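Novice: Mind having a look at this structure? Questions to follow.
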Amino acid sequence: MKARLIAALTHHLQTPFVLAVLACLVAMLWISQGFSLGARLFPTAVASLGILLAVLELGRQVIRRGAKEESDFSDLSEGEETPAFYARGLLFFAWMASFIGLFFLIGALPAAGLYVLGFLRLQYRSPWLPSLALSVGLVALLWGLGVALQLRWPNPLLF
Amino acid sequence: MMKTRSLTALAAGLAFASASLLGTAQAADYYDGKNIRMIIPFSPGGGTDTFGRLISQYLGQHIPGEPTIVAENVTGAGGLLGSNEFAQRVDRDGTTLMTASGHLNLRAFLGLKGLRLDLDELEPVVASPMGHVTAISTQVGIEDPSEILEARGRLTKGITDPVGLLESLVALEMFDLDYRAVPGYGGRGDTRIAFERGELMINTQSTPAYLNSVQPLVDEGRVMPLYAIGFIDANGEPVRDPAVPDMITAPELYEQIHGEMPSGTIWEAFKVTVPLVQNTRGTVWAHDGIPEEAMAALRVGVEGMVNDPEFQAAAANILEGYDIMWGDDLGQIKASMAAASPEVLDFLRDMLNERFGTEFD
Amino acid sequence: MLDALINALWILLDPFRLMMLFAGVAIGIAVGILPGLGGLMGMALVLPFLFGMDAYAGVALLIGIAAAVPSADTFPSVLMGIPGSSGSQATIMDGYPMAQRGEAARALGAAFTASLIGGLIGALALSAVVPFARPLILAFGSPELFMLTLLGLSMIGVLSGNRPLKGMLAAVAGLALGTIGGAPVAAEYRFAGDFLYLYDGLSLVIVALGLFALPEIIDLLARGGAIAERSKGLGHGWVQGAKDTLNHKWLVIRHSIIGVAIGAIPGMGSSIIDWVNYGIAAQTSKDRSQFGKGDVRGVIAPESANNAKEGGVLMPTLLFGVPGSSAMAMLLAALMIFGVQPGPQMLTRDLDLVFVIIWSLALANVFGTLICLLLSKPISRLTFIPFQYIAPVIIVIVVVGAWQETRHWADLAFLFGFGVLGWIMKRSGMPRPPLLIGFILSGLAERYLWMSYNLYDWEWLSRPGVLTIGGLAVFLVVGSVMLKRSTERSTDALKHADEAEKKNRQEESR
């Protein structure tokens, strides 16, 4: 069971991905038929070619299923294809999303300071001193950049 | 009797003076300690952006209260995002201005799909005009502009964004010329290179660009100027382009060929399109509903700016031979819009829609 | 001519003008290092100061920025695998694996030396070719430009490694993504609905940052530790890198020339230059097994072209007044402010200014790369710091950089979305560079194909330029396949020999 789970998540992620691409290309082909001639031809050609390639790729995957495809299914090394590694990836994506959320909610500079502090303290339990120093330093850097480059920050939604 | 009258006059004069003093005092207060944000809905570089930056640089110091004007390029969707932000998402208190191009004005005027800018709700602050010249390759086998209708071969004309070339298209339509539109060019500069290469047969450039880059080809005998688009004066009459006063204008050429001035809807369309595009190559807009003292302060600022020799020196190169429009002259921009009948607008929209598929709301 | 050249150097050696050149280089390095910000932003920033400035000083300032960005953008590409600006995407392919091996300083040293030489060749080419460049530029009509996009697409094979089918599929997906937004030849907005943000299509900066930066950060965090292992040391340092570059001098010269040539063609866009050069370098190499795993040639080729291209993009800018890149539009605006009309008459009327531009380009390249070289050793130590201290800083800077694109919330939504896409692609073995190349070339391919047809019907297919470029593309693809086969055979033979030897030894030891 566990082996199959790993396989589903890693080696065989390529199949669902190609299927998703295929679905997008079919949708694209469908939608583009409503365009005028000048806007339609290129997407039609691209989508058709893409569907052909996707089907070929799926066929190749079916035929070669089971065979060990050397460096073919992933750009990662062996140790990086465990479910734990995936879960950690998702966790860090969540951290990133939370920064983007904070960025809009409380403004860029407070979000940056809070995020760095939170990330280091909560995720890594880093000591207070380096965490605070990094956080303050980054906010100062961003503030300086904002002044020097006339950057424009989002209007915080909360205040 | 005499005395009372003069007394009344004096009183009136005093009242007026104090009112205007008060007005300036309020105007002076209004921008005190404020910043003005200048939205430029195009990417940096290019004529309209440079004009907007020029104004941002010099206008602030002449507005009472000396606000700092910060120019900001809000790009995206061919100017739609920046325009819509100015139209819908900023406070209408005079602390936000926008620099639009003539073609953006035209898009707003025709109601391009997705554009929320309503020129009726805006007030021009200052503007700069720009003429255009159409030239033709000598490969088409004509010797004089008056033979234009006998031009042979595939009369290709490069299209960037059809609304952005409307004044040149309307002129070609006026002659009822059978030309082949080739869309896909990135900008007028790209069409000029293609024209020089011999890929395109007909090309319209801004007058300064024509004088600078197309004139050498004319001297080599490879191309021939057809006509200047020309300007339309305050009375609705066509006049010559001040930068090329010796060049025949499109309506004049029409008269030379047909023996009469153009007429009908296409002529009305020409008279609407040309001033709207050419008088406002760069237009700084404020919201119509901003406080009176803000508007007064802006007007004071513009007057001070155009009389500032430092500004005049900086502006000379950017205006490229045309006079800046300010004060009462700006009334012409709105007047030419008001003069447009719904039929003319429909005609223009239909033309763009049928020929290029452009959609309007 | 020579008088004017020397005269221009004296003009530039004025202290204020030199100071402006330095200021430009400093700004260029700053915006180049920060992902998401590029030369256009730096130049827009200084434009207000140009009013009333002396034209030579203003030009030196702008050229200083333009010349320093392609040097400095190498830092994030090599050290973090994050494109510092759109010109240094291909440097990631081999520069980043080198950094992971602990050879960051070497990769940077090679890159900067290549940048320096490339930049100087670009300046030299500009001064030598500018009088004759006009007919050259005019020779590229829409049909030839279309063939060049095909040449760019033919690089996909070599960038897909041993997964050609997946590479092609990724490229087609990129082409499909590129069709989002306004159609180039029709007034129609495709796949955008009423969402105005999409009317201009997706931004290259966002797509590139999402595809390459975010997945790298996430995986490094998930793996833990630092980018490079300290135990491996800093490698041979930048001196070794500089030696590498000098050992490959023909590679540097060849790719500098290619960079100048592609840069000089208006309408191609400069963001494809690094990929094309990377592709050509890999395709024409006998032993290509290390490309993508940290071959120093994969750093040298795109970096020399990346700096040399500035000499190229200046040609259409000065000769035709048509910007060769988006940053060059700012130079045109500056020339307008100074009342200088670009065009062929610049070579007679403003020859001084043309030579000041060329000298500025050369000097800025020297200053810029020297500063970068000095910075390379301390900065490459960053790769040894535990990544949890680096990651949040990079995430913040990447998000801020992406936000500056249009300052629309969708900038960040798409950044995140492409980050997830890149992460999934990494996991499913879909190579990411072909997707990016397809995306960059999509609009160009569609535009020039339609224009060729509109202008010439199908007659364009028989134009000599079209046939030449087409032949070159076929030659590169076929040649590269043959080269690969022959090297595979020889490496296989080597491997067999190796194994045989090992067996022998094992037997002997028994």
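Novice: Test B:T95 against the criterion of being open to solvent by 10 Å² or more (accessible area, probe 1.4 Å) and not charged (D, E, K, R), and give yes or no.
Specialist: yes
Novice: OK, next. Of (1) touching a Gly at 6+ places or on another chain (Cβ under 7 Å); (2) modelled with pLDDT of 85 or more; (3) open to solvent by less than 20 Å² (accessible area, probe 1.4 Å), C:I180 satisfies all except one. Which?
Specialist: (3)
Novice: Out of (1) surrounded by fewer than 22 Cβ atoms within 10 Å (Cβ to Cβ); (2) assigned to a loop (DSSP other than H, G, I, E, B), the odd one out for B:L117 is which?
Specialist: B:L117 satisfies every listed condition except (1).
Novice: Can you tell me how many residues in the stretch C:280-296 are basic (K, R) and either under 26 Å from C:P143 (Cα atoms) or buried (at least 22 other Cβ atoms within 10 Å of the Cβ) (or both)?
Specialist: Of the residues in the stretch C:280-296, 0 are basic (K, R) and either under 26 Å from C:P143 (Cα atoms) or buried (at least 22 other Cβ atoms within 10 Å of the Cβ) (or both).
Novice: Return the residue satisfying two criteria in turn: it lies in the stretch A:35-52 and is at pLDDT below 90 and in contact with a Lys or Arg (Cβ under 8 Å, 6 or more places away or on another chain), and of such residues it is farthest from C:G193 (Cα to Cα).
Specialist: A:A39
Novice: Further question on the same structure: What residue, among those in the stretch B:61-77 that are open to solvent by 20 Å² or more (accessible area, probe 1.4 Å) and on the phi > 0 side of the Ramachandran plot, is farthest from the other protein chains (Cβ to nearest Cβ)?
Specialist: Residue satisfying both the conditions and the ranking: B:G65.
Novice: Please return the ranges of helices (runs of 4 or more DSSP H) entirely within the stretch C:346-447 where 3 or more residues are within 11 Å of another protein chain (Cβ to nearest Cβ) and within 30 Å of C:L151 (Cα to Cα).
Specialist: C:409-427
Novice: Shifting gears a bit: Please work out if C:L374 is open to solvent by less than 10 Å² (accessible area, probe 1.4 Å) and among the aliphatic types (A, V, I, L, M).
Specialist: no
Novice: Using beta carbons and a limit of 8 Å, which pairs, at least six apart or on different chains, have the first residue in the stretch A:48-60 and more than 7 Å from chain C (Cβ to nearest Cβ) and the second one of a type outside the set (D, E) and surrounded by fewer than 16 Cβ atoms within 10 Å (Cβ to Cβ)?
Specialist: Final answer for the pair search is A:I51/A:V26; A:L58/A:L19.
Conditions (1) surrounded by fewer than 24 Cβ atoms within 10 Å (Cβ to Cβ); (2) within 14 Å of chain B (Cβ to nearest Cβ), marked per residue:
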residue	(1), (2)
C:L45	yes, yes
C:F49	yes, yes
C:A55	yes, yes
C:L62	no, yes
C:I65	no, yes
C:G81	yes, no
C:S85	no, no
C:S88	no, no
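Novice: Further question: Select from the stretch B:64-123 the residues that are closer than 21 Å to B:A297 by Cα and free of Cβ contacts under 8 Å to residues at least 24 places away in the same chain and list them in ascending order.
Specialist: Listed by number, the list holds a single entry, B:D91.
Novice: Within the bounds of the stretch C:137-149, is there any residue that is of a type in the set (V, I, T), open to solvent by less than 20 Å² (accessible area, probe 1.4 Å) and modelled with pLDDT of 85 or more?
Specialist: Yes; the residues of the stretch C:137-149 include at least one that is of a type in the set (V, I, T), open to solvent by less than 20 Å² (accessible area, probe 1.4 Å) and modelled with pLDDT of 85 or more.
Novice: So which residues in the stretch C:200-226 are open to solvent by 10 Å² or more (accessible area, probe 1.4 Å) and within 14 Å of chain B (Cβ to nearest Cβ)?
Specialist: Scanning the stretch C:200-226 gives C:D200, C:G201, C:L202, C:S203, C:L204, C:V205.
Novice: Out of curiosity, is C:A308 open to solvent by less than 20 Å² (accessible area, probe 1.4 Å), part of a helix (DSSP H, G or I), farther than 23 Å from B:Q215 by Cα and in contact (Cβ under 8 Å) with a residue 40 or more places away in the chain?
Specialist: Yes: the conditions hold for C:A308.
Novice: Quick check, is C:A327 within 14 Å of chain B (Cβ to nearest Cβ) and either assigned to a helix (DSSP H, G or I) or in contact with a strand residue (DSSP E or B) (Cβ under 7 Å, 6 or more places away or on another chain) (or both)?
Specialist: Here the answer is yes, as C:A327 does meet what is asked.
Novice: Within the stretch A:119-145, track down each residue that is facing chain C (nearest Cβ under 10 Å) and touching a residue at least 12 places away in the same chain (Cβ under 8 Å).
Specialist: A:F119, A:L120, A:Q123, A:S131, A:L134, A:S135, A:L138, A:V139, A:L142, listed by residue number.
Novice: Checking C:G259 against (1) buried (at least 24 other Cβ atoms within 10 Å of the Cβ); (2) closer than 21 Å to C:L435 by Cα; (3) not aromatic (F, W, Y), which single condition isn't satisfied?
Specialist: Checking C:G259 against (1) buried (at least 24 other Cβ atoms within 10 Å of the Cβ); (2) closer than 21 Å to C:L435 by Cα; (3) not aromatic (F, W, Y), the one that fails is (2).
Novice: Sticking with this one: If we only count helices (runs of 4 or more DSSP H) wholly inside the stretch B:271-360, which ones have 2 or more residues that are at pLDDT 85 or above, surrounded by fewer than 14 Cβ atoms within 10 Å (Cβ to Cβ) and in the same structural domain as B:G102 (by TED's automatic domain parsing)? It would help to see each step written out before you state the result.
Specialist: Values: elements: B:292-306, B:309-319, B:331-338, B:342-356.
Ranges flagged: B:309-319.
A quick yes/no check of all residues on (1) crowded, with 22+ Cβ neighbours inside 10 Å; (2) among the β-branched types (V, I, T):
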residue: C:A242; (1), (2): no, no
residue: C:T245; (1), (2): yes, yes
residue: C:V252; (1), (2): yes, yes
residue: C:P266; (1), (2): yes, no
residue: C:Y278; (1), (2): yes, no
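Novice: Sticking with this one: So, C:L126, is that one farther than 30 Å from C:T348 by Cβ and either free of Cβ contacts under 8 Å to residues at least 60 places away in the same chain or surrounded by 21 or more Cβ atoms within 10 Å (Cβ to Cβ) (or both) or not?
Specialist: The answer is no for C:L126.
Novice: Follow-up. So which residues in the stretch B:36-46 are touching a Gly at 6+ places or on another chain (Cβ under 9 Å) and either hydrophobic (A, V, I, L, M, F, W, C) or surrounded by fewer than 23 Cβ atoms within 10 Å (Cβ to Cβ) (or both), if there are any at all? Please lay out each step first, then the result.
Specialist: In the first step, residues of the stretch B:36-46 are kept if they are touching a Gly at 6+ places or on another chain (Cβ under 9 Å); the result is B:36, B:38-42, B:46.
Of everything in the stretch B:36-46, those that are touching a Gly at 6+ places or on another chain (Cβ under 9 Å) and either hydrophobic (A, V, I, L, M, F, W, C) or surrounded by fewer than 23 Cβ atoms within 10 Å (Cβ to Cβ) (or both) turn out to be B:I36, B:M38, B:I39, B:I40, B:F42, B:G46.
The values are calculated or read from the model by the stated rules, or taken from the named source; none is laboratory data. Because the structure is predicted, anything quoted here is derived from the model rather than measured. For neighbour counting, all protein chains shown are included, and Cβ atoms are generated from backbone atoms with ideal geometry for every residue, glycine included. In case anyone asks, the SASA skips ligands and DNA or RNA and just uses the protein heavy atoms, side chains included. Shrake-Rupley method; radii C 1.70, N 1.55, O 1.52, S 1.80 Å.
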